[in-house]
Amino acid sequence: MPVTDALRQYAEEKIGNSMKVMDIDPLVAEVVLYVEKNPANPRPACCEVTLRTKGHIIRVEECEEDMYAAIDVAAAKVVRQLRKYKTKVIDRKLRAVDETIRTEPVPTKDLDQLMEELAADEEVVRVKEIEFEPLTEEEALVKIDLLGHDFFAYTDRDTSMVNVLYRRDDGGYGLLKQREEA
């Protein structure tokens, strides 16, 4: 959609003020405004905000009746997500005792085999390479909340095994753990 100067200024002011409140540095924001063309949708104006800071990504997406309302609601959610990030990630790091992190290579043959099996059944439409971070289960829970995704893959800091954390439909989270070889 064409973005007017007034709308651009409003979005920059609202999202910018939300970011300034938390004083997190460095913090980069990307704001996408769009209107869904489905006439049956009662809330077609959408504001999508992606914040990037020191290895973390925070996403917020809100749709409302008009674009200004969508920006207002998204800005409020940005403040809540940044507050959660600051209390759970930054403050914990400041209080935590330095730990030595085991960095062992993650076995990739199982992932390659799985990708080949998936490609045989259906066409893979997108491939994304990621780096599995060594995290604790609690840190992974924080990341999945901040990203707003339904699942999150990571390497367990203690066992160096690949785990997948997923959001359950009935609430809560599930954890898929890689079986240790005997």
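List of remarks:
- For beta carbons closer than 8 Å, sequence separation of 6+ or different chains, a first residue in the range 55-84 that is open to solvent by 30 Å² or more (accessible area, probe 1.4 Å) and a second that is in a loop (DSSP other than H, G, I, E, B), the qualifying pairs are Gly55/Glu133; Arg59/Gly148; Glu61/Gly148; Glu64/Arg43; Glu65/Pro42; Glu65/Arg43; Glu65/Pro44.
- Residue, surrounded by the most Cβ atoms within 10 Å (Cβ to Cβ), within the range 157-182, restricted to residues that are of a type in the set (Gly, Ala, Ser) and under 14 Å from Glu137 (Cα atoms): Ser160
- For the range 145-169, a residue qualifies if it is under 17 Å from Gly55 (Cα atoms) and either at pLDDT below 85 or part of a loop (DSSP other than H, G, I, E, B) (or both), and the qualifying residues are Asp145, Leu146, Leu147, Gly148, His149, Arg157.
- Top-ranked residue of the range 12-25 - restricted to ones that are surrounded by 13 or more Cβ atoms within 10 Å (Cβ to Cβ), more than 12 Å from Ala76 (Cα to Cα) and touching a strand residue (DSSP E or B) at 6+ places or on another chain (Cβ under 9 Å), ranked as modelled with the highest pLDDT: Glu12
- Applying a threshold of 9 Å to beta carbon distances and a minimum spacing of six or more residues, or different chains, the list of pairs starting in the range 35-53 at a residue that is closer than 20 Å to Gly148 by Cα and open to solvent by 90 Å² or more (accessible area, probe 1.4 Å) and ending at one that is part of a loop (DSSP other than H, G, I, E, B) and among the hydrophobic types (A, V, I, L, M, F, W, C) reads Arg52/Leu27.
- Lone qualifier among Glu12, Glu48 - being acidic (Asp, Glu) and outside any helix (DSSP H, G or I): Glu48
The values are calculated or read from the model by the stated rules, or taken from the named source; none is laboratory data. This structure is a prediction, so every number in the text was calculated from the model and none was measured. With ideal geometry, Cβ positions are generated from the backbone for all residues, glycine too; neighbour counts draw on all protein chains shown. Quick note on the areas: whole protein, heavy atoms, side chains included, nothing else; ligands and nucleic acids left out. Shrake-Rupley method; radii C 1.70, N 1.55, O 1.52, S 1.80 Å.
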